[in-house]
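Here's the structure, in structure tokens; my notes come after.
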Amino acid sequence: MAVKRFFLYGFLALFVSGCGSGHSVTETLHIPDTPTAGNVCATDKTVVLLPFADYSSGDDVISVYKRSISITEALTDRFVYKGFKMPIQEDVTQYLVETNIIRLPPQDGTSRLKTELDGEWSDVMKGEFEKWIEASRVETAASSGGSSNPGNAPGVHGLNKMSISKLGRRFNADYIVRGRIIEYDLQNEHTWDLRKKGIVPFIMKGTTQAAFGFAESKDYDNLNNIALWGLAGGIIGYHAGTPVDSNTGTLNAGDYPTAWNSVIWGLGGAGIAHLANHSGETPEALVQLRIWVQDSATGEVVWTNRAEVKVAPQTVYGDKRSKEMFKTAVNRATTLLVDDFWNKTKAIM
């Protein structure tokens with residue numbers, strides 16, 4: 001009785017301690033407080049960031065523009081961390097628009113409808129939402145002269161040396177930073193790490209892979225998995241003596257208890273194999289960027305490099321939200337590139 005009371009009181013204490021009425025707050029300051037950040041600059045150089053050209057599989061011009069903004073923000077943080085001076089990005093965008101170098105995408109009026117698609121609406125209502133979204137997309141494309149095409153996104157443009165010089169003089173900049181988004185995709189990581197794949201998919205899919213090798217498609221992978229583990233289950237059930245037992249009468253199997261056990265275990269093994277074949281996939285965010293840094297006075301490229309970053313959850317309990325993985329990948333890629341630029345050119349700054 002004393003043991004039961006102990007566990008009861010412990011459970012109640014744990015429950016009460018977790019019943020707070022406040023809020024969980026997460027604070028993030030992206031530019032650390034270091035001697036090279038803020039007003040104390042390690043260099044007197046000024047850089048201007050231009051929108052990135054997106055050659056990845058962007059769905060439309062608005063999603064492309066949002067990707068460019070996320071990369072620009074990460075680059076801004078890293079350049080400021082290194083001590084560079086930078087103009088306000090809106091001022092740069094306004095100048096580019098006024099000089100007809102870029103044009104801004106139309107406002108997305110369907111974001112609310114897209115959010116509602118994830119709500120608990122009927123299929124008929126969701127169908128109406130999809131019609132409204134498609135009608136709005138067509139109307140936006142027509143009114144903007146085809147600007148819903150990702151090829152018309154800000155950043156997909158060429159600049160001659162005179163344009164670079166004018167931009168440099170306008171913002172009193174030493175360097176113009178341009179770039180392209182080569183890849184920005186969500187894919188499945190190829191891994192056999194048990195911590196990422198899960199125990200059952202690791203055993204079943206690993207054994208099937210070893211037995212059959214590579215299949216033509218995922219459908220054949222699934223058939224191979226079902227066939228192998230259905231057979232294995234049948235063999236195990238034949239010798240298991242359960243759940244059908246003619247002696248104890250657990251199930252009325254007549255004179256064929258082993259056959260029934262083989263069927264039951266075989267179906268169980270095939271069913272679990274089917275489920276395992278649709279599990280154990282680890283999402284992976286892939287970001288590949290190229291950056292050029294041009295001298296604002298001459299337009300010559302003083303540095304360029306390319307970085308590719310892949311981000312995936314470390315275990316099956318990791319954060320698999322695509323937004324967070326892309327944020328980590330973008331931050332890491334921009335950090336690698338800016339640090340490389342700094343290390344290779346700081347001697348001449």
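Some points to look at:
- Residue in the range 234-242 that is out of contact with any Leu (no Cβ under 8 Å at 6 or more places or on another chain), under 19 Å from D185 (Cα atoms) and not hydroxyl-bearing (S, T, Y) present: no
- Residues that are over 30 Å from D295 (Cβ atoms), under 18 Å from the mean Cα position of the chain (by Cα) and either buried (at least 17 other Cβ atoms within 10 Å of the Cβ) or not polar (S, T, N, Q) (or both), drawn from the range 176-196: D185, L186, E189, H190, K196
- Residue within the range 264-283 that is more than 16 Å from N224 (Cα to Cα) and without any contact (Cβ under 8 Å) to a residue 60 or more places away in the chain present: yes
- Taking the range 264-307 as the range and being touching a strand residue (DSSP E or B) at 6+ places or on another chain (Cβ under 8 Å) and farther than 30 Å from W342 by Cα as the test, the residues that pass are E281, T282, P283.
One line per residue, one yes/no per condition, for (1) modelled with pLDDT of 90 or more; (2) more than 18 Å from the chain's Cα centre (by Cα); (3) not assigned by TED's automatic domain parsing to the domain that holds N160:
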| site | (1), (2), (3) |
| --- | --- |
| A270 | yes, yes, yes |
| A297 | yes, yes, no |
| V301 | yes, yes, no |
| V316 | yes, no, no |
| F326 | yes, no, no |
| L337 | yes, yes, no |
| D340 | yes, yes, no |
| M349 | no, yes, no |
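- Filter result (over 13 Å from the mean Cα position of the chain (by Cα) and either outside any strand (DSSP E or B) or not assigned by TED's automatic domain parsing to the domain that holds V48 (or both)) within the range 303-314: Q314
- Test set (1) farther than 30 Å from N100 by Cβ; (2) aliphatic (A, V, I, L, M); (3) modelled with pLDDT under 90; (4) assigned to a helix (DSSP H, G or I) - A232 fails condition number: (3)
The values are calculated or read from the model by the stated rules, or taken from the named source; none is laboratory data. All figures in this text were calculated on a predicted structure; none of them were measured in a lab. Here the Cβ is made from the backbone with ideal geometry for all residues, glycine too, and neighbour counts use every protein chain on show.
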